[in-house]
Structure formats: structure tokens, C-alpha cells
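Asks: Here you go, one structure.
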Amino acid sequence: MTTTLTPTTPPRIAGRPATVLTLARAESWRLLRHPVLLVALLLTVAPWVYELVSGGLATRYPVLHDEDRFVQLPMLLLAAGALLAVNLAALRAQRDNMEAFYAVQMTTAAQRTVAHLLSAIAPAVLAAVVVTLRLIWLAAVPGAVGRVSVPEAVTAPLVVLLAGVVGLLLARLTTAQVAAPLAIVALAMLALFSAVGPRWSRWLGPIAFEDELTGSLPPDLMHRPVVWHLLYLSALLVTLALIAVGLSGARWRTTGPAAALAAVAVAVTGVPQMAAEPADVLAARTAAATRPAGGQECREIDGVRFCAFPPYEPRAAQWADVTRGILRWAPAEVAGSAYTVRQRVFFNSSGDLNDPVPVADWQADDAAAGTPDSVPVSTSWGDRDGYNELQMFQFSGAFAIRAVTGSTTAVYDNAPICGARGLLILWLGAQATPETRKAYEHSLDNSYGGSVVLAVLTSASGPSLPRETADLARKLLDRPAAEVGEQMRQNWAKLADPATGLDEAAQLFGLRAPDGSLC
């Protein structure tokens, strides 16, 4: 009897796709439990947890179209963890002397590389979850303004995925375990170079930084080609992935041309990112810096008119808390006057307080809009790195000047405000809200010589108040606000008179007149 054998497909060929996916799932779970990735995740979220526990102002007044960008920098830690974890996973066979075992498995080296590539998606998904939770939480804060940009939010997870691919490529290039840490250092230097280097280099790195000294800006005043950057990162990711597969034994006849095509895509998508800022963006910045009234929305709260760029219009509620806290101690005729608060942006400051604000342009714009003597307020609000907190106190001081003097002339004047008038202004501005008082105390702690400078939008414009005035104001802040406020209201005319000296004001409150020169 003759037996006929029917050829069948070898199991190792038929099961390859399923085996690759099975291996990818296993490696994904390994990555998510890897100590390196877990430590990186902990370091990433630790500052946010601290903000939540401490109740920092940065998380109480977030600007969402800035936060979707701010979230990218700490996520670079998770990207570094993904790079190192994927690299260690890909080198496991060499590290454990298991090459011979893998040689008899159902998958080839190239297929195992594909499985590792698929596993790198797991840290990216983890990054997407973290970013989403962060932005959702910030968006739910009552003081949040602006809107999240989806391309900006997607950038961080894509960078984490790209880092994982880099880690895998390094494992296929060399078995040296020091290669991954060195690559992390190199990528960190690239990110630093793109942040402080020439403008054309801003978008070469994984993320693009902005000049945060300018403060928060409306989205239409920022030139951020985020979509091009996402395409650039995606093309770079595909290029590196194809090279890694090719180095693992796949046919270069297939992977080579595909990698070359992806490399061309990297160049094509990278060039538009280096282009100069469009003329319409530059024109919009000029208009916003000198003639903002035409592009702002206004609303009235408690008799005060608040005008802001559309993304920041809800911020009027926080500004109203400050104006209400100042006007509650003013006489009826002062509290009932017409007041306007107008949001301003200032681009010319070098960060060293060398440039004044364009006062003439602002006054002409206010006159055309029918809002003379409007009080300037920044787009920044809160306490991120102390800058936004300072803006809170500078606004409260500027509004106090407007209420006490009846105009905004002294808001932009560099001359010191002396005598009782300075004490009245300083106390009103500091006690307006608990946050302005905290900002005032911080400004004193960080000031040179103890004097207080009310710089407009942290520019070279703005008055100063001498140390003697600041000392008396701090003593009055330690007293009950209602008691001091009633005395301020009853003696308003005398205190607001520029002829009244600081020693007279001190006597009104039963304080010892300060020693030394008083302006």
C-alpha cells in the first residue's frame, strides 16, 4: 500500500503574522512594567502632582493654548524612558546569551524587530493617556481660558513613539548598552540647541519652544507650524523604523527604497518649518501691540469695563476680583467713576527692562475706542515661574494708581510715587485679593533695596515706590483690612493729595514715621 503525502505549509510560515503580534503584545506589557519607564513616568507627573497638592496658581488659571505646549517638555522624560526601555528589550537576547535560542524560533530577526516596533506603541499610548488626563483636568478648572490644539497635544505621544524607535535602531546598530544613554544626551542637546539656537533650528528638535518672556499670546499671534512638524516627526519615525528592519535582515530591495522615500519626506516636511514668519502674523502682532481695541471683546462687571483678546475674555472675572477689592475702600465718587481695563501685549522687551511700552499708540487707540485712561493688564495670570504672579500685582498697582490719581499718566511714568499717595496706592493694590498680597510680598522679597517697581508688562515703563513706603504698607497689611480700609476712605482726599508727606500718613495710622530720605 502506497501512502501519498500532501505538502502542507510549514507552521513557521503560516503562523508568522500571528506570532509577531503575540510577541508584540508580550513586549508591550514588558515595556509598561519596565522600571526605567515607570521611573520616567513618575518623574514626568511629579511636578503636576505637586501643583495639585499645593494648589498653585498655575493650575488655577491655566491658558489651554499654552498648556498643550507646556505639557510637551516634561514628556521628554517619558520619551527618554521609552528609548532606554526599548533598547534594553531589543538587546535582551544578546545580554542573556539567547541568540541560539531565538535562531530556532518561528520568527526571523526582522520579524522580531517589527514586534519591538509595535511594542513601542505602548509607551506612546501611555503618553497620550497622561497628556489627555492633564489637559482635561486643566480644562475643567473654573479659571481656565483658551482652547487646546489637537496637533499640539498629539506631539508629545508621537515624540515618545519616535524615541522608542530610536532605541530600537540603536540596538540593531550596536550591542553596546552605553549607546542609548549617550543618545538621550545627544537628543537633549538637540532640544537645547533648537530652543536657544537660530530661528531656523527651532523645529529641528522633537519639540519647539517659544520665548516665554513675552508672556501668553493669542494663538493667531504665534507662528507654530505644528501640522508640518507632526508630518516631519512621522516621516523621521518611518525612516528610522525601516532602517532598523533592514538592519535586521529584511530585504533591502524593499526597505531601502521605502526608507529613501521616507527620508525625502523628512526633508520636504522640514523645510516649511524653517520659513520666516508670514507677513499676516507679523501684521497681526503689530496691530495687537499698538491697536488692540479693534480685535478685543468687552464686557462690564460691577461698573468696570473689561476688554480682552477673545481667548482671554473669561479672565475678566479674575480681574474684577482685583478691581472690586480696590474700589470697596474708595469714596463713592471715586468708586462710581468710569473705569476701563484693557488687555495688552508687549513684544519689544528684551527681558532686561530696557524698552518702554508704546504709550502714545495705546492712548491714541483708547481715544479712538472711547475708553481713555484704560488700565493695562497682561495676558499672563497666575504664578508660573513667578512671572504671572508678578503680573497680578502689577495690574492691581496700576488700577490703584488710576483710582487714586484719576488718570493713568503715573502708570507709565518712571518717576517714583512719594508721600502718602504712594502708601495709599501700595496698600490698595496689595490688599485687593489674597493673591495680590502674596504677589506683593514675593516682589518685596525679590526686590533690590526693598523698593517696589510697578513695571507695565515687565517693561521699562512704570513707577517705583520707595522702601520707606513699602515698609509702612507691610505694617498696615498686618492689620485688619476693614479697619485700615475705613481709615483710608475717611482720609482719602488727604492721602491722595501729592502734597501730603509719608510722615503725615504714618501719624494718621498711629505708626512711627520712617527714618531716612523720603524721595
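The values are calculated or read from the model by the stated rules, or taken from the named source; none is laboratory data. Everything quoted here is computed from the prediction, not taken from an experiment. Positions of Cβ are backbone-derived with ideal geometry, glycine not excepted, and every protein chain shown enters the neighbour counts.
Asks: What number of residues within segment 287-315 are of a type in the set (D, E, K, R) and touching a Leu at 6+ places or on another chain (Cβ under 9 Å)?
Replies: 1
Asks: Within segment 417-463, restricting attention to residues that are touching a helix residue (DSSP H, G or I) at 6+ places or on another chain (Cβ under 9 Å) and among the charged types (D, E, K, R), which residue is nearest to Arg402 (Cα to Cα)?
Replies: Once the filter is applied, the top-ranked residue is Arg421.
Asks: Would you list the helices (runs of 4 or more DSSP H) that sit entirely within segment 255-353 and hold 3 or more residues that are touching a residue at least 24 places away in the same chain (Cβ under 8 Å)?
Replies: 279-290, 316-327
Asks: For Glu277, state whether it is over 23 Å from Leu118 (Cβ atoms), modelled with pLDDT of 95 or more, not assigned by TED's automatic domain parsing to the domain that holds Val160 and not basic (Lys, Arg).
Replies: The answer is no for Glu277.
Asks: Residues that are outside any helix (DSSP H, G or I) and touching a Phe, Trp or Tyr at 6+ places or on another chain (Cβ under 9 Å): does segment 232-242 have at least one?
Replies: For segment 232-242, residues outside any helix (DSSP H, G or I) and touching a Phe, Trp or Tyr at 6+ places or on another chain (Cβ under 9 Å): absent.
Asks: Of the residues Ala308, Ala250, Ala259, which single one is closer than 30 Å to Arg437 by Cα, among the hydrophobic types (A, V, I, L, M, F, W, C), buried (at least 18 other Cβ atoms within 10 Å of the Cβ) and not assigned by TED's automatic domain parsing to the domain that holds Leu117?
Replies: After applying the criteria, what remains is Ala308.
Asks: Looking only at segment 180-227, count how many residues are surrounded by fewer than 16 Cβ atoms within 10 Å (Cβ to Cβ) and closer than 30 Å to Ala109 by Cα.
Replies: Residues meeting the conditions: 4.
Asks: If we scan segment 503-516, do we find a residue that is aromatic (Phe, Trp, Tyr), farther than 30 Å from Asp366 by Cα and surrounded by fewer than 19 Cβ atoms within 10 Å (Cβ to Cβ)?
Replies: Within segment 503-516, one or more residues are aromatic (Phe, Trp, Tyr), farther than 30 Å from Asp366 by Cα and surrounded by fewer than 19 Cβ atoms within 10 Å (Cβ to Cβ).
Asks: Let me ask something else. Please find, among Ala470, Ala513, the residue that is in the same structural domain as Val377 (by TED's automatic domain parsing) and among the aliphatic types (A, V, I, L, M).
Replies: Exactly one of Ala470, Ala513 is in the same structural domain as Val377 (by TED's automatic domain parsing) and among the aliphatic types (A, V, I, L, M), namely Ala470.
Asks: Within segment 422-464, can you find the residues that are of a type in the set (Gly, Ala, Ser), assigned to a helix (DSSP H, G or I) and surrounded by fewer than 20 Cβ atoms within 10 Å (Cβ to Cβ)?
Replies: none
Asks: Quick one: which of Ala400, Ala482 is under 33 Å from the mean Cα position of the chain (by Cα) and among the aliphatic types (A, V, I, L, M)?
Replies: Selected residue: Ala400, the only one of Ala400, Ala482 that is under 33 Å from the mean Cα position of the chain (by Cα) and among the aliphatic types (A, V, I, L, M).
Asks: Applying the selection to segment 36-50, what residues are surrounded by fewer than 16 Cβ atoms within 10 Å (Cβ to Cβ) and at pLDDT below 95?
Replies: Selection gives Ala46, Pro47, Val49, Tyr50.
Asks: Of the residues Pro376, Pro416, which is farther than 19 Å from Asp471 by Cα, in the same structural domain as Cys298 (by TED's automatic domain parsing) and outside any helix (DSSP H, G or I)?
Replies: Unique residue meeting the criteria: Pro376.
Asks: Going through Ala163, Ala128, Ala109 one at a time, which residue ends up being within 22 Å of Trp228 (Cα to Cα), in contact (Cβ under 8 Å) with a residue 12 or more places away in the chain, assigned by TED's automatic domain parsing to the domain that holds Arg92 and surrounded by fewer than 23 Cβ atoms within 10 Å (Cβ to Cβ)?
Replies: Being within 22 Å of Trp228 (Cα to Cα), in contact (Cβ under 8 Å) with a residue 12 or more places away in the chain, assigned by TED's automatic domain parsing to the domain that holds Arg92 and surrounded by fewer than 23 Cβ atoms within 10 Å (Cβ to Cβ) holds for just one of Ala163, Ala128, Ala109, which is Ala128.
Asks: If you don't mind, another one. For segment 379-388, what are the residues that are surrounded by 24 or more Cβ atoms within 10 Å (Cβ to Cβ) and assigned to a helix (DSSP H, G or I)?
Replies: Residues satisfying the conditions do not exist here.
Asks: Taking segment 137-148 only, how many residues are buried (at least 17 other Cβ atoms within 10 Å of the Cβ) and either in a helix (DSSP H, G or I) or of a type outside the set (A, V, I, L, M) (or both)?
Replies: Residues that pass the stated criteria total 3.
Asks: With respect to Leu168, is the statement that it is out of contact with any Gly (no Cβ under 7 Å at 6 or more places or on another chain), at negative phi and buried (at least 21 other Cβ atoms within 10 Å of the Cβ) true?
Replies: So Leu168 fits the description; yes.
Asks: How many residues does segment 1-35 hold that are at pLDDT below 90 and outside any helix (DSSP H, G or I)?
Replies: 11
Asks: If you go through segment 465-485 one residue at a time, how many are closer than 14 Å to Gln431 by Cβ and either of a type in the set (S, T, N, Q) or part of a helix (DSSP H, G or I) (or both)?
Replies: Residues meeting the conditions: 12.
Asks: Restricting attention to segment 213-232, does a residue exist that is closer than 27 Å to Thr174 by Cα and at pLDDT 90 or above?
Replies: Yes: one or more hits.
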